[in-house]
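Q: I'd like to ask some things about the structure below.
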Amino acid sequence: MANGVSQIRKSVMTLALPVTVSSLLQRTEGIVAVFLVGGLGAIPIAAVGLGQLLAFIATTLVSGLSVGTNVVVAQLWGARRRQDAGQAARHFLGLSVAVSLTLMTGGILLNRFAMQLLGAAPDVLALALPYSTLIFLVIPFTVFLQVLSSILQGTGDTKTPMYAMIVVNLLHVAVAYPLIYGRWGLPALGVKGAAVAVGIAEAVGTLYLAIRCRPLLRPSTHLRVDFIRTIWQVGAPVSGERIVQQAGILIYTKIVLLYGTVSYAAHQVGLSIESLSFLPGYGFAIAAATMVGQSIGAGKYTRAKLENWEANRMATLIMSVMGLVFFFFPYALLRAFTSDEAVVELGTVFLKIVALLQIPLALTMVLAGSLRGAGDTHFIMVATTIGMWAVRVPIAFVAGVWLHLDVSYVWLAMIADWTLRMALMLWRYRSERWRTIQVIR
């Protein structure tokens, strides 16, 4: 038994580490784009940031397709139905073509309206509009990267998507710099060059993943309606969950903005630092979803429980250590981001609060991953809605808008939110209702 647990622990780490690196690289691509245009001034930085925001909102809608792909492929792979897994993967790629073309068309037609709605100044809009248009033109590659990565992760291969993101990041930097500033004989395209570089890099990354997926994606004209129905049943709640979460964060951020520039800056810098703890949590969540999905597909429910336990234990350990760093060394972390003492002072309070979040956050993320692996995505959407809209937003509103308490009380609403979500996830997992869900037939 001890040997079996040790093997599971090794498998969890083998799956989780590449996903963590991939997540870091995905985040790095956007940060590097802003950094590279930094030499052009504040307006280009704002333009690129605004374009990235719209693209992020658009691709949030694809999250359901990616998660559904991972769950279905993992369960079919665990059941040793490799041919069916290949057919499912082909269907998901077909859906991703339709979805990406819809996002591309909608983004190009609506990006000006969206930017004006967000209050973009005319000089920012003049640069952001062509950048955003180009980003939406190449957004199919962004979608394909996500879906192809999910297919490979469902088979237990998390290293290949990591290699793809390494290629994407290196190529992005190599192409973006000369295209932005006109070096090495290339035209100086400014922020347009940043968008072109994203398209080239992600196109190459997509091609690399498509080649690696080729053995699984054999041509077929057979239409499986059951796979399309399954992706809707599993994926729609995931997209709903992400939309609910992002809408809540938008309202919550507006409440923080009421406290002024320093409070908002402390909030944003603190979130950037805390996001480092999300990366291992996300890695273990994907590992849990893949391993639990494969074990359920194989009918090995006891093994699925052990995999969930190990992923939770390791994520909690790592994120607890990061919580201790946030709590005891906030000043050093904040000084790496800003020299404004007022922001550092308030940011210290923020980091000490989010330090207390790390254990509930770790358990929630991994338990949600395990439940997704079982196909129980509807309950996760319900838990997210309750935590965000029945706890965080109301508490923040009462503290910030009604009672005008210190901003720390608004931040404390995050603890209440994630603690409740953790309790709901634990209750759902222990009820074992996820065992009765039939994702594949």
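The values are calculated or read from the model by the stated rules, or taken from the named source; none is laboratory data. Given the structure is predicted, the values throughout are model-derived calculations rather than measurements. Heads up, the Cβs are rebuilt from the backbone with ideal geometry, glycines too, and the neighbour counts pull from every protein chain shown.
Q: For the range 386-423, what are the residues that are in contact (Cβ under 8 Å) with a residue 12 or more places away in the chain and under 30 Å from residue 300 (Cβ atoms)?
A: Once the filter is applied, which keeps residues that are in contact (Cβ under 8 Å) with a residue 12 or more places away in the chain and under 30 Å from residue 300 (Cβ atoms), the range 386-423 yields 421, 422.
Q: Say we look at the range 390-406 and pick out the residues that are assigned to a helix (DSSP H, G or I) and surrounded by fewer than 16 Cβ atoms within 10 Å (Cβ to Cβ); which of these is nearest to the chain's Cα centre (by Cα)? Break it down stepwise before answering.
A: Applying the first criterion (assigned to a helix (DSSP H, G or I)) to the range 390-406 yields 390-402.
Next, from what is left, pick out any that are surrounded by fewer than 16 Cβ atoms within 10 Å (Cβ to Cβ): 390, 394, 398, 401-402.
Numbers: 390: 23, 394: 25, 398: 29, 401: 30, 402: 33 Å.
Restricting to residues being assigned to a helix (DSSP H, G or I) and surrounded by fewer than 16 Cβ atoms within 10 Å (Cβ to Cβ), the top hit is 390.
Q: Residue 101: over 23 Å from the mean Cα position of the chain (by Cα), part of a helix (DSSP H, G or I) and more than 19 Å from residue 213 (Cβ to Cβ), yes or no? Even if it seems obvious, please write down each step before you answer.
A: On the way: over 23 Å from the mean Cα position of the chain (by Cα): no; part of a helix (DSSP H, G or I): yes; more than 19 Å from residue 213 (Cβ to Cβ): yes.
Taking the combined requirement at face value, the residue does not satisfy it.
Every residue, every condition in (1) buried (at least 20 other Cβ atoms within 10 Å of the Cβ); (2) not assigned by TED's automatic domain parsing to the domain that holds residue 400, yes or no:
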| residue | (1), (2) |
| --- | --- |
| 178 | no, yes |
| 182 | no, yes |
| 195 | yes, yes |
| 198 | yes, yes |
| 214 | no, yes |
| 270 | yes, no |
| 276 | no, no |
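Every residue, every condition in (1) in contact with a Pro (Cβ under 9 Å, 6 or more places away or on another chain); (2) of a type in the set (A, V, I, L, M); (3) on the phi > 0 side of the Ramachandran plot, yes or no:
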{"position": "310", "(1), (2), (3)": "no, no, no"}
{"position": "315", "(1), (2), (3)": "yes, yes, no"}
{"position": "319", "(1), (2), (3)": "yes, yes, no"}
{"position": "325", "(1), (2), (3)": "no, yes, no"}
{"position": "330", "(1), (2), (3)": "no, no, no"}
{"position": "333", "(1), (2), (3)": "no, yes, no"}
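Q: Pick from 190, 156, 205: which is closer than 30 Å to residue 79 by Cα and either surrounded by fewer than 21 Cβ atoms within 10 Å (Cβ to Cβ) or at pLDDT below 85 (or both)? Break it down into steps so the answer makes sense when it comes.
A: Values: 190 fails: closer than 30 Å to residue 79 by Cα; 205 fails: either surrounded by fewer than 21 Cβ atoms within 10 Å (Cβ to Cβ) or at pLDDT below 85 (or both).
Selected residue: 156, the only one of 190, 156, 205 that is closer than 30 Å to residue 79 by Cα and either surrounded by fewer than 21 Cβ atoms within 10 Å (Cβ to Cβ) or at pLDDT below 85 (or both).
Q: On to the next question. Would you list the helices (runs of 4 or more DSSP H) that sit entirely within the range 276-385 and hold 2 or more residues that are free of Cβ contacts under 8 Å to residues at least 40 places away in the same chain and charged (D, E, K, R)?
A: Details: elements: 301-328, 330-335, 341-355, 358-373, 377-385.
Correct list: 301-328, 341-355.
Q: A further question follows. Go through the range 331-352 and count every residue that is surrounded by 20 or more Cβ atoms within 10 Å (Cβ to Cβ) and either under 25 Å from the mean Cα position of the chain (by Cα) or of a type in the set (Lys, Arg) (or both).
A: Adding up the residues that qualify gives 5.
Q: In the range 75-94, what count of residues is obtained for those that are in a helix (DSSP H, G or I) and over 15 Å from residue 213 (Cβ atoms)?
A: From the range 75-94, those in a helix (DSSP H, G or I) are 75-78, 82-94; that's our starting set.
Subsequent filtering for residues that are over 15 Å from residue 213 (Cβ atoms) retains 75, 78, 84.
Total satisfying the criteria: 3.
Q: Going by the conditions given, is residue 297 surrounded by 15 or more Cβ atoms within 10 Å (Cβ to Cβ), outside the structural domain of residue 57 (by TED's automatic domain parsing) and more than 22 Å from the chain's Cα centre (by Cα)? Break it down stepwise before answering.
A: Numbers: surrounded by 15 or more Cβ atoms within 10 Å (Cβ to Cβ): yes; outside the structural domain of residue 57 (by TED's automatic domain parsing): yes; more than 22 Å from the chain's Cα centre (by Cα): yes.
Here the answer is yes, as residue 297 does meet what is asked.
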